[in-house]
Every structure is written in structure tokens, then in C-alpha cells.
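> Handing you a structure now.
The values are calculated or read from the model by the stated rules, or taken from the named source; none is laboratory data. Remember, it's a predicted structure, so these values are computed and weren't measured experimentally. So basically every Cβ, Gly included, is an ideal-geometry build from the backbone, and we count neighbours across all protein chains shown.
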Amino acid sequence: MGDNPESAPPPAPAPRSRRPARPKTDPANLPDEQLLDLRFCDLAISLDYPPLARCIARLHGELEAHGILFRPECYLADEWLCPDREPVIGIPFYLAHPRLRALEMKIMLEVEGGDERERMMLLRHECGHALNYAYRLYRRPRWRELFGPFSADYPDRYKYRPYSKRFVRHLQGWYAQYHPDEDFAETFAVWLTPRSQWAQRYRGWEALGKLEYVDRLVRSLAARPPAKPTGEKLWDIARLKTTLRTHYKRKRSFYAEDYTDFHDPYLRRIFSGDPDPEALPAAPLLRRHRKTVADHVCRFTGEKKYIVHSVLKDLTARAAELNLTVRPDNETDALLKLTAYCATLAMNYLHTGTFRKEKT
């Protein structure tokens, strides 16, 4: 029989033409301005970067040593994170390439997780969150009894007790005191750290009961598959079309604050404005010692370097505008007072979200 054109099926629609994938860009030799104009999703970076891959393998090895089957899936994100109730770990993009790490340092004055020791501390912390979500441990009555309600709101800022023995000390800023979920993640991180000797280190502390609970809990999970082995990778840079320029603009503005003349009376207590033939301008002294002062303040308060450097930059500019001076034989005393003042500002900021004390 011949073909009947009237009964023949209609031709299949032509396949949709897909736009060719945009080529990835190696950031290695790009100047800052070009690099900042790249989108996250355009970066040719991956978790295969050896210093990063080595740490992930080390984390998985520590879990294996305790018989834990769960291996949290890692991905590159815009910051350190573990999305709420998603058992995955986001690792900052800048740790996947030395050029991006240099840019982070230049703009933010620090690289969170920049060395292997800190990187492992942060990975163990985020792993605590991921394990909690993978096995849904936060639903257990004993978990809530020890750490508190998982459903509690996250405060914008939190007040902490530096000498409290109810919480372990792992990350800077007494982070375990922030929220029950953070308390568990920090406790797990201390427990997981090889050779941490947590039983001896926390002997006599209330936090020891939490560590012993984690020890028993994880032993009970050995060889058990997780209820939720993986999750949604939020803020995955492979899908983020935000440019690095916008990212850093937002990041810096998050920590910014307008100081106006708030510091003037305090600066005048530290430095002098009186004419003195032996006195030297205070501003050059602040510029010369800014890094040392910032390092000390950050070390003992846990505040971000970018914030402290911003404060010192404003203090320096204000000292120049006020023509403040310091005698050579008084420089050390002035620097000590300045460091104490900056530490007070940082502590106010950590507790209240502002450098200014609230008026009562």
C-alpha cells in the first residue's frame, strides 16, 4: 500500500536549541577589577583544589574512624554554611583558588579557614550541623534537654558569658552560646577532633555531660545509615549569578556603621590636643600600629578583622581632623588605652549589634 499523506502523523517538533554554556574563567591572572566583574557561576574552580580536597578527605577519615557511615556532601558556596536541616556543607569559594583567597584577604582583611588548622575546625563544626540533620538528632528529648529547643529563634546578636563552663570552646566568639544548634555543632566538633583529650580538658565542667552524651550518641549511630543522607545545596556558586563585586559590596556594608563624632571625647582622653613642642601627631602613630592593635583586639574578642580595622581607620582619620598629638614618652600608654577602647567597642558590638551603648 502506498503512504496516505492525510493519515501520516505530523512531523515531530524541532528540538529546542540550547544556548551554549558560558565558558568558565580561570581567575589566576585576572586583575582585581576584571575578577570582581565575574559571576560566581563563571569561576573555573572546584573542590579538587589540593589543600581543600585534603581537608575534606581528612574529615571523612575522622568520621570513618568512629564507624560513622554518613559522609556529608560538600560544595562551594559564598560562605561557610550548612543550610537549615540540609545535611550538606557549603565551603567558601575563595578557599578553592589562591587568587580568590588573595582577593578575600585584600577586601575583608582576613580569610576564614585560611590555614589547615582553622579549616578543619570549621569543617568539624559544619559537620556537626550536617550530622544533626542527617540523623534528625534534634528531635530527641535528651538532645533538647541538654542543648535546648532546636526551634529557638536565632538572635541577630547574642550575649555570652566568657567564663561559663556550660559550653565548650571551639570557634572564636564563644559560638556555642549562640543557639542550641550551634551548641551541639561545637560540642560535636570538640568531640571529633583527634587528640583533643576532651574528657580531661573539660573535667569538672557542665559541658562534659554534653560531650559524654555526644560520645554515647555517635556510638549508637555507628554503622547506621542516615535518615536523610543528602540535602539541598543552597547558595551553591554553580548557580549563583551574583558578581563578586556585588557580593563584597554587600558583605562590607553588612559590617559598616556610621561613627560621626562619637569617638571624639574618648580620643581626647587618650591623646592631647594642647600645643606641645615635643608632641607628635597621633594619626601616624595609629597608622603605624593599626595592624598590631587590630590583631590583639580580634584575638581576645573574636570580632571580625574587617570591623576592627574599619573602627581604627575612622579613629585615625578623626585624630587627624582634631589635630590630636602624643608625647614620645607617652606612646606606649596611649596605645594600651586605644587597644582597650577598641576592645570595648568590639564587645559592645558583639553584644548589642552596635558600637554605642544603649541609653537607659
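> Condition first: within 15 Å of Ala130 (Cα to Cα) and either without any contact (Cβ under 8 Å) to a residue 12 or more places away in the chain or assigned by TED's automatic domain parsing to the domain that holds Ala152 (or both). Can you find one or more residues in the range 192-205 that meet it?
Yes; the residues of the range 192-205 include at least one that is within 15 Å of Ala130 (Cα to Cα) and either without any contact (Cβ under 8 Å) to a residue 12 or more places away in the chain or assigned by TED's automatic domain parsing to the domain that holds Ala152 (or both).
> Which residue pairs have Cβ atoms under 6 Å apart, sit 6 or more places apart or on different chains, and have a first residue in the range 99-113 that is within 13 Å of Leu244 (Cβ to Cβ) and a second that is among the small types (Gly, Ala, Ser)?
Arg99/Ala28
> Does Ala185 satisfy being crowded, with 20+ Cβ neighbours inside 10 Å and assigned by TED's automatic domain parsing to the domain that holds Leu69?
Here the answer is yes, as Ala185 does meet what is asked.
> If a residue must be assigned to a loop (DSSP other than H, G, I, E, B) and of a type in the set (Lys, Arg), how many such residues does the range 194-215 contain?
Qualifying residue count, the range 194-215: 2.
> Now, a different point. Look through the range 188-221, keep the residues that are crowded, with 19+ Cβ neighbours inside 10 Å and small (Gly, Ala, Ser), and return whichever of them is nearest to the chain's Cα centre (by Cα).
Ala189
> For the range 75-90, give me the residue count where each residue is in contact with a Leu (Cβ under 6 Å, 6 or more places away or on another chain) and either farther than 15 Å from Asn132 by Cβ or in a helix (DSSP H, G or I) (or both).
2
> Yes or no: the range 71-83 includes at least one residue that is touching a helix residue (DSSP H, G or I) at 6+ places or on another chain (Cβ under 6 Å), without any contact (Cβ under 8 Å) to a residue 24 or more places away in the chain and surrounded by fewer than 22 Cβ atoms within 10 Å (Cβ to Cβ).
yes
> Taking the range 98-109, which residues are touching a Phe, Trp or Tyr at 6+ places or on another chain (Cβ under 8 Å) and more than 15 Å from Asp78 (Cα to Cα)?
If the condition is that a residue be touching a Phe, Trp or Tyr at 6+ places or on another chain (Cβ under 8 Å) and more than 15 Å from Asp78 (Cα to Cα), then Leu109 is the only one that fits.
> Quick one: is Asp333 modelled with pLDDT under 90 and within 34 Å of the chain's Cα centre (by Cα)?
Considered against the rule, which asks whether it is modelled with pLDDT under 90 and within 34 Å of the chain's Cα centre (by Cα), Asp333 comes out as no.
> On to the next question. Of Leu131, Leu171, Leu146, which residue is under 22 Å from Gly67 (Cβ atoms), in the same structural domain as Glu62 (by TED's automatic domain parsing) and crowded, with 16+ Cβ neighbours inside 10 Å?
None of the other options fit; the residue is Leu131.
> Next up: Filter the range 144-164 down to residues that are at pLDDT 80 or above and among the charged types (D, E, K, R) and give me whichever is farthest from the chain's Cα centre (by Cα).
So the residue we want is Glu145.
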